[in-house]
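Read the structure below first, then the notes.
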Protein chains: 2
Amino acid sequence: MSPDTPTAEMHPQRWGDHASAVELPESALGLVDLAFGLRDRPPVAGATPPPSHLDEALLQELRALVGTEHVLVDDATRTLRTRGKSTPDLLRARAGDLSDAPDAVVRPDGHAEVEAVLAWAGNHRVAVVPFGGGTCVTGGLAARRDGFAGLVSLDLVRMKRLLAVDTVSMTATLQPGLRGPEAEAALAAHGLTLGHYPQSWEHASIGGFAATRSSGQSSAGYGRFDAMVVGLTAATPTGTLDLGSAPASAAGPDLRQLLLGSEGVFGVITSVTVRVRPAPAVTAYEGWRWPSFDAGSEAMRALAQSGLLPTVLRLSDESETAINLADPSSIGGADDPGCLMVTGHEGTSAQVAARRDAVTALLTDLGGVPLGAGPGERWAEGRFHAPYLRDALLDHGVLVETLETATFWSHRERLYAEVRAALTGVLGEGALVLCHVSHVYETGCSLYFTVAVRQDDDPLAQWQAAKAAASDAIIAAGATITHHHAVGTDHVPWFAEEVGEVGVRVLRAVKAELDPAGILNPGVLIP
Amino acid sequence: MSPDTPTAEMHPQRWGDHASAVELPESALGLVDLAFGLRDRPPVAGATPPPSHLDEALLQELRALVGTEHVLVDDATRTLRTRGKSTPDLLRARAGDLSDAPDAVVRPDGHAEVEAVLAWAGNHRVAVVPFGGGTCVTGGLAARRDGFAGLVSLDLVRMKRLLAVDTVSMTATLQPGLRGPEAEAALAAHGLTLGHYPQSWEHASIGGFAATRSSGQSSAGYGRFDAMVVGLTAATPTGTLDLGSAPASAAGPDLRQLLLGSEGVFGVITSVTVRVRPAPAVTAYEGWRWPSFDAGSEAMRALAQSGLLPTVLRLSDESETAINLADPSSIGGADDPGCLMVTGHEGTSAQVAARRDAVTALLTDLGGVPLGAGPGERWAEGRFHAPYLRDALLDHGVLVETLETATFWSHRERLYAEVRAALTGVLGEGALVLCHVSHVYETGCSLYFTVAVRQDDDPLAQWQAAKAAASDAIIAAGATITHHHAVGTDHVPWFAEEVGEVGVRVLRAVKAELDPAGILNPGVLIP
């Protein structure tokens, strides 16, 4: 993949590009109307960002560092680098609120240029927001700008190279601006895959995967992104970190793990060395029915604790199953309270056959009913579609958002009940609350909630109240505020509770050491 | 395991307890004589440590915190808490050098008492060396004492409780003072195992495993210790860290990974929550012969990259094989240049059968020759004996020491050759240099070297020169200065090169934040 290949930009008020937009079918519209009341809530058109505040002398310095054509201040470019893609982000964008737009978009190419931009920003106290794919859903692209001379979006779009492939060690070194499909295409040329497919995959970037500890839909087989990383390089405002001299080490704390999940507040990740695998010859997805979410969850636990995980493993609760399994005319109604599990196997045909046989035997023993390939393939076809559907529902006055957490197996049932109760308590019984488990470990699992409700007059405040109640319930249950969406600005207060006062002090100390001027993503992550 | 159960103390000048001491058989003595020249080098007897320098008023405060009987200043106790068990440590102890003895040994029970002792030490600028099992081989128990009012050994011997077991999540919470066998016995009462068996297992502690990122002989199946940890609590001089709300999380950097490998310089780990597994019903160890170290290493890589790892996987190079395979009369001579691999399978009988079949098929395909159970069982019987043999050889004027590293697969051959050359270059062609691979990953492996050579007049300087040359070679090859023995004081200069100037600054910043008086293990880990 050449660094000059243009990347499709997402619509500033929607997910994805316009060509892939999803319209709700007529039949679904009727049901949405029945459930939530159908209204037209089109996005405001023609909004423009506030004028750029950056001093022309500063811009001139910046142009000298990266080239004139890579410092952009036009409204269209700045609009495209305003915030991420959470529902609150979209609600603000749809209302024409571009108040978080950067003053400039700067596109360095390579580690040295990134370092130069950070040094410039430190000298002039300009806030810097690293930008990879722009898919953040936790407010991580809306940094604080008070007290700064300006705010620039540091766009990694030119850093899209596959820097090295080592087919003996099975590693690859990637630049951070590579989007999911670009990275897979570059690796596929060598017969390799990363196997990292979060729902944001079509637009999200390698740097973002690392900086946010992303986890993909194939995490059961390929692991979380942080587990794939064996090395990384980061440019900080005060020097370079180059980490990863072995797959594992006892040489002190694992500093790679301090950069992974650092969300751009310590430095900008300029390359990532990841473990890769052979591109799978065979993929086989299938469906299983379980009598309840509990029964299916226990089966997942059995798989994880037996060391028998498929590549993909996902279980919808009764509510999500009712919507996913049925045709659109059954939306919101669930005649069959069973739960759908999707299993997917990838690898050589021998690997897939052996693993699939073992998984099938265990799931059958535990009472699972095989549904064949149909449900699995339908899931695979639609695996990246949900964010498009959210736009269509927002257009019709339905508030849709997701949140996720993880816990140990023995706390799963309590966490599920308490987060649901918190959401319903704020949003009312008319709210649809769906849940699935899509990431499992020997000791626990994630819970991913999707919420749909009729928008009230202030949908932003409506969601923020529900989100706060759910977040309180998550922390009260001793679970993590986020399993794979990172902290951003939205999770900061709960993150502070999760890591405690001493943990917060550690993060602040690292921040002060690496970024003494505090220019990197102010307000993000660090409480 | 009750906290009152006495723990066998290791001899202050030897590994292990006297009852398990190993004498070299007559036949071996003759060969040692032939190879290195047999001399008597008995340890100096009757040495005493320097008098305790701690002010009586300070001791009184300490007694008030933990109880009079848990503050010990007698020579015998202080001698037992002097340094660890590296060959340099033993050479000093054998020469009667007890200059690193602590001024007092303090035995707090529980997190609150540890915190109180750290606060006391911070107030009075007393250096604190946390002590678990005392098995450190990198100088991690010989802290700097200049500029301090004294130095105390913080002995975790009273903190030996299994605090919690969760058989749904398959986790257990352990206190740090539990030694390997004590932890396994406590878990076995619940049908569980940790599966962590480093060579130091008989004496090393849970806290030490965590603080040094230990890796055991069953790491292929059970993983490194750091991979088992899902949560931990640490007392720092400025507050408590309580981490681990889920198996995995995207809530910022993984701060657990900052405490793992921190070697007591940030805080004292007061409990660890680990992933546990069912105690295996079946264990099966066996041997394989490979035509060369390269061929065997490539087979290990194939296993790791196929996801087909046994529980134990170990490969000796030609030199180590010649000594291990044969009877003692062949020591130093290798008629058969083949290499011994040991594979071990643990689990249910079905798991063992399935995994063993798959491993056997792959190894046979790759040209491995199965040797049956004999070599595997002999390895298992002797798996904890090597340190005892070192004492016997030191008694006879032979210098024996080990060092280890890890790298990516594509650098294995170069690293092996360059470390061997560095050792032989310093110690001469008469030195015996053995190597094995005992920890493998998809992307790389460890290399563990054992060296035996005739002691010269200053064996400490002799080893330090060889170690420095080997360490230089390791860093020059881009490998890690330690895969599982930690940094201690011995590795500090090379560790600084490995993590770079910015990495060192990060560690110092965390240190300054958590331990502003710098009382915890001064001189250890942090360059």
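What is the protein assembly as shown by shape, rounded, prolate or oblate, if you read a ≥ b ≥ c off the alpha carbon gyration tensor as root eigenvalues and call it rounded for a/c under 1.5, prolate for a/b larger than b/c, and oblate otherwise?
Since a/c reaches 1.5 and a/b is larger than b/c, the shape of the protein assembly as shown is classed as prolate.
Assuming a ≥ b ≥ c are the square roots of the Cα gyration tensor eigenvalues, decide whether segment A:209-256 counts as rounded (a/c under 1.5), prolate (otherwise, with a/b larger than b/c) or oblate.
It comes out oblate by the Cα gyration axes.
Can you list residues whose amide H is under 5 Å from B:Arg213's amide H, if they're 5+ apart or on another chain and H is modeled 1.01 Å from N?
For B:Arg213, the qualifying residues are B:Gly261.
Name the residues of segment B:147-166 whose amide N is less than 15 Å from a point 7 angstrom out from the Cα of A:Ser410 along the C-beta direction?
Once the point is set 7 Å along Cα→Cβ of A:Ser410, B:162-166 turn out to lie under 15 Å by backbone N, inside segment B:147-166.
Among A:Leu162, B:Leu363, which comes first, second and so on when ranked by fewest other beta-carbon atoms within 10 Å?
A:Leu162, B:Leu363
Answer with one residue from B:Ala477, B:Leu313, B:Ala248: the one whose Cα lies farthest towards the positive end of the charge dipole of chain B, charges on Cβ with Lys, Arg +1 and Asp, Glu -1.
Toward the positive end, the furthest listed residue is B:Ala248.
Add -39500 (n - 2.57) for each DSSP H run of 4 or more in the protein assembly as shown, then divide by its residues: what number comes out at 222 nm, to the nearest 500 deg cm²/dmol?
After summing the helix terms and dividing by the residues of the protein assembly as shown, the value is -11000 deg cm²/dmol.
Quick one: Debye curve from the C-alpha atoms of segment B:162-278, no solvent, what's log10 I(q)/I(0) at q = 0.09, 0.12 Å⁻¹?
Taking Cα atoms of segment B:162-278 as identical point scatterers yields -0.21, -0.37.
Can you give me the relative contact order of chain B as a percent, contacts being Cα pairs under 8 Å and 6 or more apart?
With pairs under 8 Å counted, the relative contact order is 17 percent.
Express in nm, to one decimal, how much length is gained between A:Ala149 and A:Ser292 on full extension, taking 0.36 nm for each residue of separation and deducting their alpha carbon distance.
Answer, rounded to one decimal: 45.9 nm.
Shortest first and in nm with one decimal, please list how far the B:Thr68 label point sits from its counterparts in the other copies (point 7 Å along Cα→Cβ).
Here B:Thr68 shows inter-copy label distances of 8.6 nm.
Taking θ as phi - 60°, what are the ³J(HN,Hα) couplings along segment A:494-510 by the Karplus curve (6.51, -1.76, 1.60), each to the nearest whole Hz, with x for Gly and Pro?
In residue order, the calculated couplings are 6, 4, 4, 5, 5, 8, x, 4, 5, x, 4, 5, 4, 4, 5, 5, 5 Hz.
Can you name the residue in chain A whose Cβ lies closest to the A-to-B rotation axis, and give that gap in whole Å?
Measuring from each Cβ to the axis, the minimum is at A:Gln257, 2.
How large is log10 I(q)/I(0) at q = 0.05, 0.06, 0.10, 0.11 Å⁻¹ when the Debye formula is applied to the Cα atoms of chain A, each weighted equally and without solvent?
With no solvent term, the Cα-only Debye profile gives -0.19, -0.28, -0.80, -0.98.
When a footprinting reagent is the concern and you count Cβ atoms within 10 Å, what order do A:Met159, A:Met341, A:Met10 take, fewest first?
With the sparsest Cβ surroundings first, the list reads A:Met10, A:Met159, A:Met341.
Run the label-point distances for A:Ala461 please: 7 Å along Cα to Cβ, every other copy, nanometres, shortest first.
A:Ala461 label point versus its equivalents elsewhere: 8.0 nm.
Roughly how many Å is it from the Cα centre of segment B:248-284 to that of segment A:371-443, as a whole number?
So the two Cα centres are separated by 30 Å.
Hand me the chymotrypsin sites (Phe, Trp or Tyr not before Pro) from segment A:251-331 located in a DSSP loop with no more than 11 other Cβ atoms within 10 Å, in residue order please.
Within segment A:251-331, no chymotrypsin sites (Phe, Trp or Tyr not before Pro) qualify (loop, at most 11 other Cβ atoms within 10 Å).
Can you list the HN-Hα couplings for segment B:295-301, worked out from phi with the Karplus curve (6.51, -1.76, 1.60; θ = phi - 60°), rounded to whole Hz and with x for Gly and Pro?
5, x, 5, 5, 5, 4, 4
Mind listing the phi-derived Karplus ³J(HN,Hα) values for segment A:454-468, rounded to whole Hz, using 6.51, -1.76 and 1.60 with θ = phi - 60°, and x for any glycine or proline?
Values per residue, Gly and Pro as x: 5, 5, 8, 5, 10, x, 5, 5, 4, 5, 4, 5, 5, 5, 5 Hz.
If a/c stays under 1.5 just call it rounded; otherwise compare a/b with b/c (prolate if a/b is bigger, oblate if not). Do that for segment A:1-155, with a ≥ b ≥ c from the square roots of the Cα gyration tensor eigenvalues.
Prolate shape, in that a/c is at least 1.5 and a/b is the bigger ratio.
Efficiency by 1/(1 + (r/R0)^6): what FRET value for B:Glu61 and B:Glu9, r their Cβ-Cβ distance, R0 = 41 Å, to the nearest 0.05?
Efficiency at R0 = 41 Å is approximately 0.90.
Quick check on the exposure proxy: order B:Asp17, B:Asp103, B:Asp391 from fewest to most C-beta atoms within 10 angstrom.
Fewest to most other Cβ atoms nearby, the residues stand as B:Asp17, B:Asp391, B:Asp103.
Assume the label is 7 Å from Cα along Cα to beta carbon: what separations in nm does B:Ser99 have to the matching positions in the other copies?
Label-point separations across copies, in nm and ascending: 6.7.
What's the FRET efficiency of A:Ala189 with A:Asp457 using the Cβ-Cβ distance as r and R₀ = 51 Å, to the nearest 0.05?
Once the sixth-power term is evaluated, E becomes 0.45.
Could you give the length gained on full extension between A:Ala417 and A:Leu29, defined as 0.36 nm per residue of separation minus the Cα-Cα distance, in nm?
Length difference between fully extended and current span is 136.7 nm.
Every read-out reported here was derived from the displayed coordinates using simple, explicitly stated rules and does not represent laboratory data. All values reported here derive from a predicted model rather than from experimental measurement. Cβ: placed from backbone, ideal geometry, glycine included. Neighbour counts: every protein chain shown.
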